[in-house]
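Taking it in order: structure first as structure tokens, then the write-up.
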Amino acid sequence: ANLTDKWSLDAALQLYRQNYESGMLMTRVMPMLRTAYQIRQTLNFDLEAGLEKIHTEIADQSSDVQRQFFSLGFRWDF
């Protein structure tokens, strides 16, 4: 197998919106990107990165929160 056969890449987008009984509305958008490199047939190196944006509204007030996250590690399929 050549080098490009050992890499995988995928993207995801999560959208979430909820109206609470209290009158609060929350909207969350979270795009993510994942990649993995196959070191051996049963051993992979994984990397995931993303962004989370949360917007909340209640009465006349609103707030926005943004965070970035990433994780990396190894996965062993046995």
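Among the residues of region 1-57 satisfying the criterion of being charged (D, E, K, R) and over 30 Å from F78 (Cβ atoms), which is least open to solvent (accessible area, probe 1.4 Å)? Step by step, filter region 1-57, then rank; the result is E52. S62 meets each of the listed conditions (1) modelled with pLDDT of 95 or more; (2) under 21 Å from the mean Cα position of the chain (by Cα) apart from (2).
Residues of region 65-77 that are surrounded by 10 or more Cβ atoms within 10 Å (Cβ to Cβ) and among the charged types (D, E, K, R): R67, R75. Which of the residues that make up region 37-59 are small (G, A, S) and at pLDDT 95 or above? Residues satisfying the conditions are A49, G50.
The values are calculated or read from the model by the stated rules, or taken from the named source; none is laboratory data. Note that this is a predicted model, so its numbers are computed, not measured. Neighbour counts run over all protein chains shown; Cβ positions are idealised from the backbone, glycine included. These accessible areas exclude ligands, DNA and RNA; they are computed on the full protein's heavy atoms, side chains included. Shrake-Rupley method; radii C 1.70, N 1.55, O 1.52, S 1.80 Å.
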